[in-house]
Amino acid sequence: MLSEPGKSKFQIDLRRHLRSQNICDKLVHLICEIAEASKYVINAVRTGDLGVAGTSNLYGEEQLALDVLSDRIMRKRLIHSGVVCNIASEEMDEIYQVTTDSDGLYSVAYDPLDGSSLVDVNLAVGTIVSIFKGDNLLQEGRKQVAAMYILYGPRVSLVYSVGDGVHEFTMNQLMEYNLTRENVRMQRDGNIYSPGGLRNKYNEGDEKFIRYLEAKGCKLRYSGGFVPDINQVLMKGKGLFMYPALNGSPNGKLRLLFELNPMAFLIEHAGGAATNGKTPILDLKPESLDQRAPIYIGCVEDVNRAMEYVDKA
Ligand code: P6P
């Protein structure tokens, strides 16, 4: 617990907390720059055009104006940070090389506004960020040096880990991020489940698992936004989010680099687990930027139980 004489932990800002984490100044600067960029993304979410951009992303999905604007905000901030050599975005077709000299620099993969289609019905959305040392973004997620998300909900919160606990900051009236939860921990077992995708496209094992959860008395909590749905499981410390393989979509929907790796890093460092049904997410070797994978993520017992049902299928 980070304590400062005369200061409640709630007055500890993001930079001060990062400096207590025994990481290099460049990584402190990078995470703070991403936090600064989020303030412009918030403005875009609250006031930006809700229409389509007339373009599509590397998955062939139609981009919204907010996707393109949020991506430009993030990319510009990272390019000018002075500590980034390569950038990959869910909204860009290929890696953006900032500099060929990667010595002491970082590579960043991000989803600038995950769930952007939810903004026009005023549901919570978020920015998801994965950070590696050096120039290689196609590494196993376990090699990330940091992961974070910013959740644009009724309150704006920033959650990060550099491998030493998971910590939440909440934005105050001055748009400063102050510590609100330190060393967030998952329980072994839970009573919330968040099933992504269409149930009528679930495989037999997944459908049986859902029926087991319902028989156990678990509460269904699903918003359709990966960031708020994961944040709920993480901050309550209970339950499981799943987006399984679907009939017709053997790898599910969610993206390994931009969504699954950072969230799996955070959940594991909070004492939880994340797998694709057979292998820990963080041990999957990405073969391409647009790789997808099924995911079961949350409490260790719930994830293990899911594997029992999936294995029997
Ligand atoms: P479905 C949003 O589009 C997203 O990528 C994630 O944020 C979310 O978990 C998932 O898709 C929702 O997908 O098929 O349930 O609408």
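Couple of notes before you dig in:
- Residue in region 191-203 that is at negative phi, away from the ligand (no atom under 12 Å from the Cβ) and aliphatic (A, V, I, L, M) present: yes
- Residues satisfying the criterion are absent from region 257-266 (criterion: surrounded by fewer than 24 Cβ atoms within 10 Å (Cβ to Cβ) and not hydrophobic (A, V, I, L, M, F, W, C)).
- With respect to being polar (S, T, N, Q) and closer than 20 Å to M186 by Cβ, N251 falls outside the description.
- Note on region 227-256: residues that are in contact with a helix residue (DSSP H, G or I) (Cβ under 6 Å, 6 or more places away or on another chain) and either surrounded by fewer than 24 Cβ atoms within 10 Å (Cβ to Cβ) or not β-branched (V, I, T) (or both) total 7.
- Being basic (K, R) and within 16 Å of V303 (Cβ to Cβ) is a condition met by at least one residue of region 216-236.
- Matching option when the condition is among the polar types (S, T, N, Q) and away from the ligand (no atom under 14 Å from the Cβ), among N247, N231, N251, N276: N276
- Test: residue in region 57-75 that is in a loop (DSSP other than H, G, I, E, B), touching a residue at least 40 places away in the same chain (Cβ under 8 Å), small (G, A, S) and closer than 23 Å to M171 by Cβ: no
- Failed condition for L123, given (1) surrounded by fewer than 16 Cβ atoms within 10 Å (Cβ to Cβ); (2) free of Cβ contacts under 8 Å to residues at least 40 places away in the same chain: (2)
- Flag for E259 being of a type in the set (D, E) and within 16 Å of the ligand (Cβ to nearest atom): yes
- Residue match in region 103-118 (condition: in a loop (DSSP other than H, G, I, E, B), closer than 16 Å to D67 by Cβ and within 16 Å of the ligand (Cβ to nearest atom)): yes
- Any chance D49 is more than 23 Å from M263 (Cβ to Cβ), charged (D, E, K, R) and in contact with a Leu (Cβ under 9 Å, 6 or more places away or on another chain): yes
- Among the residues listed as Y110, Y106, the single one being of a type in the set (F, W, Y), outside the structural domain of P286 (by TED's automatic domain parsing) and within 16 Å of the chain's Cα centre (by Cα): Y110
The values are calculated or read from the model by the stated rules, or taken from the named source; none is laboratory data. Owing to the predicted nature of the structure, the values given are computational and were not obtained by experimental measurement. Here the Cβ is made from the backbone with ideal geometry for all residues, glycine too, and neighbour counts use every protein chain on show.
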